[in-house]
Amino acid sequence: MKSILYLVLLLTPLWAAAELGAPLQQPNIEVTDTASVRRGLELYVDRCLGCHSLKHLRYRRLQRDLRLSDEEIKALFPHLERIVGTMTTAMDPEDAARWFGVAAPDLSERIRALGADWLYTYLRSFYKDETRPFGVNNWLFPDVAMPHVLWDLQGEQEAVTAQLGDTVVIQKLELVERGKLSPQEYDKALTDLVNFLAYAAEPAQLERRRIGPYVLLFLFLLALVTYRLKKAYWKDVH
């Protein structure tokens, strides 16, 4: 009992700290929604690919899954002489580490490790903070090195804080200057972006979902045949 009580007391500060962070929000994503994934791809290429690679996603796989023509692929990636290779950024990791303090992560790995809810919430959680190098901070990821690359779309948010003992905590974020998109339009654009990254984290999931029902049907029929064979072989055994 003493051990259990000690463990509870030890973990209580961790639970309290977790509650002080931004609550995770759930985007309505569906990787089989090709139109949404394509819109997310366009936003990713425009705003993210300059720093963040998707080195596990091949251009040909992307073209096939999203039903893109050669002309559409080359319009999105004008630097490609041939449609080969993976989606890597031209930014040198050493340059990124020197400019931002850390090399930009591969976002397909990040969403796979932390989940779509985390990434969606993170992209909605930037707020104005003049003490930071880029003038913004993030409620979910405090003191993050990344600038808010979607600021002109979302607008500017400020943190509404409260005093909790000796600690100043954020209660919510408030939009104080509207961007090019309304809050609803921005959330939809983020949903498309996260949807694309959820697809990029595991492109094979589209094929797995397609053949999954047939595999289950085969296993069911195999189990039925196996059961009937068992009954036939063991019918004379008492």
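Values in this text are rule-based calculations from the coordinates and carry no lab data. Keep in mind that what you see is a predicted model, and the values were worked out from it rather than measured. Cβ coordinates were reconstructed from backbone atoms using ideal geometry, including for glycine residues, and neighbour counts include every protein chain displayed.
Data overview
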{"read-out": "Estimated distance in nm for a label pair at residue 33 and residue 205, the labels positioned 7 Å out from Cα along Cα-to-Cβ", "value": "1.4 nm"}
{"read-out": "Pairwise FRET efficiency - residue 162 versus residue 86, Cβ, R0 = 45 Å, nearest 0.05", "value": "0.45"}
{"read-out": "Alpha-carbon Rg/Rh ratio, for the chain, with Rh computed the Kirkwood way", "value": "1.13"}
{"read-out": "Added length on full extension, which subtracts the Cα-Cα distance from 0.36 nm per residue, residue 175 to residue 98", "value": "24.5 nm"}
{"read-out": "Distant-in-sequence amide H partners of residue 144 (H built 1.01 Å from N, under 5 Å)", "value": "138"}
{"read-out": "Scattering curve values for segment 56-176, log₁₀ I(q)/I(0), Debye with Cα scatterers, q = 0.16, 0.19, 0.20 Å⁻¹", "value": "-0.97, -1.16, -1.20"}
{"read-out": "Residues of type lysines that residue 74 reaches as a straight line, Cα spacing below 28 Å, ignoring anything fewer than 8 places off in the same chain", "value": "55, 180, 188"}
{"read-out": "Inter-part distance where segment 29-51 and segment 104-133 are each reduced to a Cα centre, Å", "value": "16 Å"}
{"read-out": "Ranking of 29, 83 by count of other Cβ atoms within 10 Å, fewest first", "value": "83, 29"}
{"read-out": "Per-residue [θ]222 nm for the chain (sum of -39500 (n - 2.57) over DSSP H runs n ≥ 4, rounded to 500)", "value": "-16000 deg cm²/dmol"}
{"read-out": "Formal net charge of residues neighbouring residue 46 (Cβ-Cβ distance under 14 Å; K, R +1; D, E -1)", "value": "+1"}
{"read-out": "Rounded to whole Hz, the Karplus (6.51, -1.76, 1.60) HN-Hα couplings of segment 223-236, x for glycine and proline", "value": "5, 5, 5, 4, 5, 5, 5, 4, 5, 5, 6, 9, 5, 9"}
{"read-out": "Neighbour net charge for residue 123 - beta-carbon separation under 13 angstrom, K R +1, D E -1", "value": "+1"}
{"read-out": "Mean projected area (nm²) of the alpha-carbon convex hull when segment 21-116 is viewed from all directions", "value": "7.5 nm²"}
{"read-out": "Ellipsoid equivalent to segment 97-237 - semi-axes via the Cα gyration tensor, in Å", "value": "50, 17, 16"}
{"read-out": "Spin-label proximity, residue 229 to segment 204-220 - amide N less than 20 Å from point 7 Å beyond Cα toward beta carbon", "value": "215-220"}
